[in-house]
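The structure appears below as structure tokens.
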Ligand code: ZN
């Protein structure tokens, strides 16, 4: 009779020890699964990648002084007359509109999605300096239809524009818009009064019926001020509809992520892939693709059709302004692909896909 409490005590001790072991093993597993792109202070690329430092930047700017670089007056890009009434009424057709640079309006399954909205006159932290728009937005912000979702690829000024975000949020119905951002950027939005923000890590998925929105890995970097490099993550975005799959790559160097995206989430009905801001290669290679690499991304992800973005709107780099579409056309031809498989649109042009 006197042994019973002893047995109960032993049992209790075993339960406590077992619980401790489970907790310790969970903690160890938790540490083991820290994603390889996470660091103590932010994020990093996972494939071979050269980070440019201040000296690289100064070397590029120095070299620029001695060579012919694109000038605003060089361009002759026209603005296509858009039909905002059609876009506002449309809930059945799948359409894509190139507004300029990386800003694309996708209409799918009755939802309107905007990528990297930049409607301001400059892609810059200040209004009086920095890269100026060559062509006005192909669709003014006031003329946009209701926007259900905005996806942001990273924190650079030509992708995340404070003026545009605040205007999108403050327009009638704008408080219904959901902003999708890579890890670390939620607070930036909350500080500006935007509360419907979903922050996702690579491969995280959010259900917004009938769509699924997924953040995917790309190779880039982040920095908005003088300090704080790579504190916010960068990402591409996939939008999966009931019968339509869309890929928006944001900014990226060419890397193995694209084949993996194709394998896991492809093939895609439509992709928006950067074709500009690639010169000089020694400086841009790991962060921005050439038109030929953009075509390789199109193939890697299994896109049926792609549109070239991230060109013809701001002067950011050294290639001639009209070179990206020319090189793209030749690359498509050299690959023996149909000419309409990877195209560029005019600013403001809408294509009805279905
Ligand atoms: Zn960037």
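For n ≥ 4 DSSP H runs only, could you compute -39500 (n - 2.57) per run for the chain, divide by its residues and tell me the 222 nm figure to the nearest 500?
Rounded to the nearest 500, the figure is -8000 deg cm²/dmol.
Does anyone have the angle between helix 3-32 and the longest principal axis of the chain? Alpha-carbon axes, 0 to 90°, nearest 10?
20 degrees
Quick one: if the Förster radius is 25 Å, what FRET efficiency do residue 60 and residue 329 give, using the C-beta to C-beta distance and rounding to 0.05?
0.35
Under 8 Å for C-alpha pairs, at least 6 residues apart: give me the relative contact order for the chain, rounded to a whole percent. Don't skip to the answer; put the middle values down first.
On the way: 709 pairs, mean separation 64.2, N = 354.
Answer for the chain is 18 percent.
Neighbour counts of other C-beta atoms within 10 Å: give me 59, 111, 127 arranged from fewest to most.
With the sparsest Cβ surroundings first, the list reads 127, 59, 111.
Before anything else, pin down the relative contact order of segment 232-354: Cα pairs under 8 Å, at least 6 apart, normalised by residue count, whole percent.
About 23 percent, as a whole number.
Does anyone have the angle between helix 54-64 and the longest principal axis of the chain? Alpha-carbon axes, 0 to 90°, nearest 10?
Taking Cα atoms only, the helix is inclined about 10 degrees.
Tell me, 101, 37 in order of fewest to most beta-carbon neighbours within 10 Å?
Final ranking by Cβ density, sparse to dense: 37, 101.
From a point 7 Å beyond the Cα of residue 201 in the direction of its Cβ, which residues of segment 209-242 have a backbone N at a distance under 17 Å?
From segment 209-242, the list is 214-218, 231-236.
If each residue of separation counts as 0.36 nm, what is the full-extension length gain between residue 69 and residue 52 once their alpha-carbon separation is subtracted? If you can, show how the numbers build up before the last one.
Numbers: separation 17, 0.36 × 17 = 6.12 nm, distance 2.08 nm.
That pair, residue 69 and residue 52, stretches by 4.0 nm at full extension.
Inverting the mean 1/r over all pairs of different Cα atoms, compute the Kirkwood radius of segment 238-279 and quote it in Å.
Hydrodynamic radius (Kirkwood, Cα only) of segment 238-279 equals 11.2 Å.
Nearest 5 is fine: what % of DSSP beta bridges in segment 36-185 come out antiparallel, could you say? Walk me through the numbers before you get to the answer.
Details: 12 of 18 bridges.
Antiparallel bridges make up about 65 percent of those DSSP assigns within segment 36-185.
Please list log₁₀ I(q)/I(0) at q = 0.24 Å⁻¹ for segment 252-305, using the Debye equation with identical point scatterers on the alpha-carbon positions.
-0.85
Sort 88, 61, 122 so that the residue with the fewest other Cβ atoms within 10 Å of its own Cβ comes first and the one with the most comes last. Let's see the in-between values first.
On the way: 88 13, 61 10, 122 19.
In order of increasing Cβ crowding within 10 Å: 61, 88, 122.
Multiply the residue gap between residue 39 and residue 166 by 0.36 nm, knock off their C-alpha separation, and tell me the result in nm, one decimal place.
Working: separation 127, 0.36 × 127 = 45.72 nm, distance 3.04 nm.
Between residue 39 and residue 166, full extension yields 42.7 nm more.
What fraction of the DSSP beta bridges in segment 123-267 is antiparallel, stated in percent and rounded to the nearest 5?
Beta bridges within segment 123-267, antiparallel portion: roughly 65 percent.
Just so you know, all these numbers are worked out from the coordinates, no wet-lab data involved. Not measured: the values here are computed from a predicted model. For neighbour counting, all protein chains shown are included, and Cβ atoms are generated from backbone atoms with ideal geometry for every residue, glycine included.
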